[in-house]
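Engineer: This is the structure, below, for whatever I ask next.
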Amino acid sequence: MHPERVVSVEALNHLQRTWTRLVMSGKPNGLAEKPGLLASLEQVGGEFNKLRAELLGALAESQGRETAVELGTRAQISIDILIRNLFERTADVGFLAEDGAIIDSLTAAESSDRDLAALRQRLEEYVAKYSVYDDIAVFRPDGTLHVTRLDAASRFAADDPLVAAALGQPGAFREIFRQGPDGVAQLLYVQTIPGPDRVPVGVLALSFKFDDEMRGIFGSLLKGAAPGLVLGIVDRDGGVIASSDSGSLAIGTRLDIEADKLVTVTLEDEDYLGLRRPTRGYQGFSGLGWSGVALRPALLRQIGTESTEAESAEEHDERAIAASAIVSDALKQISRRAYAIDSDLHLIGLNGKLAADRENNRVLPAVLSSIREVGEQIRNAVHGVIGTLYDQTHGSLRREAEQMAALGVDIMDRNLYERANDNRWWALTPSFRAILAAGTPSPAAATEIGRILGYINGLYTVYSTLFVFDAAGRVIADSRNGASGMVGEKLTGRHIEAALAGSNTQAYSVSAFEPTPLYDGRPTYIYCGSILAPDSARTVGGVAIVFDGEPQFRQMLLDVLPVNDGGMPYPGSFAVFVNASGTVIASTETTQAPGSAFDDRQLDDFQIVARGRSPGYREFKTSDGYNDPITCIVAIPG
């Protein structure tokens, strides 16, 4: 920041006092005989005094807002990222509770050790794909523990109260957060398992890797953060259930923080500035009423607001500020008044000089010269404060845009991680494998496949359509009762060829982002998994799941586009996903259609341009062999 921008409270106060002294000293030296001139000077002094108070208030408010943005953005992201993840879990437990292998095992006359080992292996397959879980338990209605994925190492035990809780609401999922028997937190997704007549024959419980997930979320959000920043998740009663620094913010600590209000919190005799943000929810799901919190030491020096460009205070002229999309209306009004005072001072100086020349007054010019000098200092000080406020606004918004661009690709990767899991697991559906292995499906068998696909699509609404195809690539059924118009048609593409050539239940293939008849000619991603015969000796077909990319990707971008104090995106701003070849995946700007080429030159007209690059999530895009780097760009005019 240039020296002229460093304007303190003391400097503004000093200038006000100097102005008052000069006007008072000028009265016995000719000003008293010029009541019009004196009145104008006193009026300008009064205007400056009012403006000074407003400027100092605006400085304090700007610094407070910058802190609130810094804390609020991270608190909001931490809870919303988590809730998006947990929304997927509600569909998982509903679908797995309908798994034929689990139901058959529970309804069998007896289960041998070999049968239970086979079921445990199936649960192992599930966790190998949905790596957000560490254990799965299947209970009988009487509370007996039928099987767990971890067997003897499992934290689940017989007669768990969750069984009775689930049986009290058959067919509905329950989300349970509790301390496990070992004192470690458990986040569980529980649902009854229906028998052939829909009467519950057991209870399913999925154990989510809560602590592991929160370490990843906090670690990502703390990159580049100010020293001492602490992030946490609190329950509906304000109790801390996750913390990025348990030494400063211990699990179990109660935080009584009003939502969306910057407050001072004392922890272990140290004062912190803290802010709590409730979840905004996702597709109607808000979880257990948790909130994200962010705190930083109250005495921590504010993050620097230096401009990275070598610009002078004069460059923030009245026209530039008036045209800015990011400057508040209040600051624009202050800027207009500051330039009005400057004009008044110039006019007073000219009138005073003319009066002195007419009367040959040798003292008054010296007084007016001093007043003009102080007036010049006042003008520079006021403009300096306005420049500082502009830089603070610009710097704060730039950091927010950087956070949001990184969040955009993080949300995308986390979402598509689920798609890679879904197609592989659904390809393991026992009836799909048995029907396709038996040869050309009968109409009744094809109808059964379609029924299952329709049920899945009803749970997982992020898909446009689900398909099952045979070993020749011919569509056997879709999730829309044939409405896709593709039943009987042969699918083509490298992703289809890869699925038909696959022999590994962990492998998956993805189409390029391109137009497809499976999505009404629009571009999207299609995820495919290999369907193996029951003995896994050969590939008998595949699953193709069409991601409903147009609304899903656009909503991700709308969720990360920074907004002004009125809750609306800054005029002229936009966010866009672009792949490595420069193709637009989605944009908030309607002129940038999915599948079109993105012109980087248009960014030259924006003062704030932030880019977030695809980091991958867990094994997705990091170690599973899939590579599709995406950049999220957030652009805001100055």
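Engineer: Check off (1) at pLDDT below 95; (2) closer than 22 Å to residue 527 by Cβ for residue 375 and give me the number that stays unchecked.
Structural biologist: Here residue 375 clears every test but (2).
Engineer: Just need a number here: residues in region 185-199 that are assigned to a strand (DSSP E or B) and either at pLDDT below 95 or closer than 17 Å to residue 161 by Cβ (or both).
Structural biologist: Total satisfying the criteria: 8.
Engineer: Among the candidates 598, 606, 577, single out the residue that is touching a Ser or Thr at 6+ places or on another chain (Cβ under 9 Å), of a type in the set (Phe, Trp, Tyr) and in contact (Cβ under 8 Å) with a residue 60 or more places away in the chain.
Structural biologist: It is 577.
Engineer: Mind checking whether some residue in region 223-241 is over 20 Å from the mean Cα position of the chain (by Cα) and modelled with pLDDT under 95?
Structural biologist: Yes: one or more hits.
Engineer: Considering only region 114-134, state which residues are basic (Lys, Arg) and either in contact (Cβ under 8 Å) with a residue 12 or more places away in the chain or closer than 11 Å to residue 96 by Cβ (or both).
Structural biologist: 120, 122, 129, listed by residue number.
Engineer: Another question, then. So which of 446, 366, 438, 434 ends up being in contact with a strand residue (DSSP E or B) (Cβ under 8 Å, 6 or more places away or on another chain) and either among the small types (Gly, Ala, Ser) or more than 30 Å from residue 522 (Cα to Cα) (or both)?
Structural biologist: Only one candidate qualifies: 446.
Engineer: Of the conditions (1) over 25 Å from residue 574 (Cα atoms); (2) modelled with pLDDT of 75 or more; (3) among the small types (Gly, Ala, Ser), residue 281 satisfies every one except a single condition; which number is it?
Structural biologist: Of the numbered conditions (1) over 25 Å from residue 574 (Cα atoms); (2) modelled with pLDDT of 75 or more; (3) among the small types (Gly, Ala, Ser), the odd one out for residue 281 is (1).
Engineer: Continuing with the same structure: Could you list, in sequence order, all residues of region 381-410 that are closer than 19 Å to residue 223 by Cβ and in contact with an Asp or Glu (Cβ under 6 Å, 6 or more places away or on another chain)?
Structural biologist: Matches in region 381-410: 396 only.
Engineer: Another question, if that's okay. For region 212-231, indicate whether the set of residues that are open to solvent by less than 20 Å² (accessible area, probe 1.4 Å), part of a strand (DSSP E or B) and touching a strand residue (DSSP E or B) at 6+ places or on another chain (Cβ under 9 Å) is non-empty.
Structural biologist: Within region 212-231 (the criterion being open to solvent by less than 20 Å² (accessible area, probe 1.4 Å), part of a strand (DSSP E or B) and touching a strand residue (DSSP E or B) at 6+ places or on another chain (Cβ under 9 Å)), the answer is yes, since at least one residue qualifies.
Engineer: Would you please name the residue that is farthest from residue 504 (Cα to Cα), looking only at residues in region 628-638 that are open to solvent by 10 Å² or more (accessible area, probe 1.4 Å) and modelled with pLDDT of 95 or more?
Structural biologist: In this case the residue turns out to be 631.
Engineer: Now for a separate question. May I ask you to verify whether residue 238 is open to solvent by 60 Å² or more (accessible area, probe 1.4 Å) and not charged (D, E, K, R)?
Structural biologist: No; evaluated as a whole, the condition is false for this residue.
Engineer: Among residues belonging to region 172-206 that are of a type in the set (Phe, Trp, Tyr) and within 23 Å of residue 251 (Cβ to Cβ), point out the one that is surrounded by the fewest Cβ atoms within 10 Å (Cβ to Cβ).
Structural biologist: 177
Engineer: Now for a different question. Report, by residue number, each residue of region 160-185 that is more than 31 Å from the chain's Cα centre (by Cα) and on the phi > 0 side of the Ramachandran plot.
Structural biologist: 171
Engineer: Applying the selection to region 261-286, what residues are without any contact (Cβ under 8 Å) to a residue 12 or more places away in the chain and at negative phi?
Structural biologist: 266
Engineer: For region 429-459, which positions are open to solvent by less than 50 Å² (accessible area, probe 1.4 Å), in contact with a Gly (Cβ under 8 Å, 6 or more places away or on another chain) and within 22 Å of residue 121 (Cα to Cα)?
Structural biologist: Result: 429, 431, 432.
The values are calculated or read from the model by the stated rules, or taken from the named source; none is laboratory data. From a predicted model like this one, the values you see are computed outputs, not experimental measurements. In this analysis, Cβ positions are derived from the backbone assuming ideal geometry, glycine residues included, and neighbour counts consider all displayed protein chains. Protein only, heavy atoms only, side chains kept; ligands, DNA and RNA dropped before computing areas. Shrake-Rupley method; radii C 1.70, N 1.55, O 1.52, S 1.80 Å.
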